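For reference, the structure is listed below as structure tokens.
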Amino acid sequence: MTESSKPILYSYFRSSCSWRVRIALALKNIDYEMITINLIKDGGQQFSKEFQALNPMKQVPALKIDGITISQSLAIIEYLEETRPTPRLLPQDPKKRAHVRMISDLIASGIQPLQNLSVLNQVGQENQLTWAQQVIASGFNALEQVLQSTAGKCCVGDEVSMADLCLVPQVANADRYKVDLSPYPTISRINKSLLALEAFQVSHPSRQPDTPPELRA
Ligand SMILES: N[C@@H](CCC(=O)N[C@@H](CS)C(=O)NCC(=O)O)C(=O)O
């Protein structure tokens, strides 16, 4: 049997970083297979030897595509952008492109890693909620301010970009940790309008093959 030529995404329904990539694949209409990695079950399937061989960081997502394996969601999205450029997820204008990368990094480096599962485990059960709320609120305070000068209907102008693929999953994490979103009207407005788009809906954590029945929508 020949190996499937379809890309294979290693994903966990609740992983915000996996969701970023699922949105990109949906927007670009790329057909793919999914292998689910349960971050909780069996002590965390990301720690298995097989998965570590794919991503030594022991994190999802990872994407097998075109004969290579890529981890790090933003690197994956940039590869998809360079090889499958339509629809565009990085604007042509260098200044707008810089803003997209700035916002993506603000979320992907400045917020999500601080509230990742492994960090929350270090913080301890009793402090997890407060910790997650504080790091998300602190990042959102900055992001709300940044968006005042970059946003239109989306994070940067009116076109959906990589920044939006980072924003929506991060707002879902904020909801999960019961962060009060009332101080962030721009974040909330953009999130709401993006969630109405098909690509954000089909890739939603509530609609994945590994979504538990009680969390299905
Ligand atoms: N910078 C990485 C972060 C990946 C990451 O943090 N993945 C989380 C899920 S969103 C994970 O696999 N966590 C497993 C763990 O903490 O043990 C990316 O953007 O892909």
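Computed from the coordinates by the stated procedures, all read-outs in this text should not be read as laboratory data. Quick caveat: nothing in here was measured; it's all calculated off a predicted structure. Glycine also receives a Cβ, built like all others from the backbone with ideal geometry; neighbour counts cover every protein chain displayed.
Tabulated values for the structure
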quantity	calculated
Total formal charge among the other residues, if their Cβ is under 14 angstrom from that of Ser206, Lys/Arg +1 and Asp/Glu -1	+2
Neighbour-count order for Tyr177, Tyr12, fewest beta carbons within 10 angstrom listed first	Tyr177, Tyr12
Peptides 129-137, 154-162 ordered by average Cβ neighbours within 10 Å, highest first	154-162, 129-137
Gln145-Ser5 FRET efficiency (beta carbon distance; Förster radius 41 Å; 0.05 resolution)	0.35
For segment 131-141, Karplus couplings with θ = phi - 60° (6.51, -1.76, 1.60), whole Hz, Gly/Pro x	4, 4, 4, 5, 6, 5, 4, 5, x, 5, 4
Residue order, fewest to most surrounding Cβ atoms within 10 angstrom, among Ile70, Ile30, Ile76, Ile23	Ile30, Ile70, Ile76, Ile23
The chain: relative contact order in percent, alpha carbon pairs under 8 Å with at least 6 residues between	24 percent
Candidate lysines for bridging to Lys192, where Cα separation is under 18 Å - those fewer than 8 sequence places away on the same chain excluded	Lys153, Lys178
Relative exposure of Ile35, Ile68, judged by other C-beta atoms within 10 Å (fewest first)	Ile68, Ile35
Principal semi-axes in Å for the chain [√(5λ), Cα gyration tensor, largest first]	26, 23, 15
Helix-only [θ]222 nm of the chain, DSSP H runs n ≥ 4, -39500 (n - 2.57) each, per residue, nearest 500	-15500 deg cm²/dmol
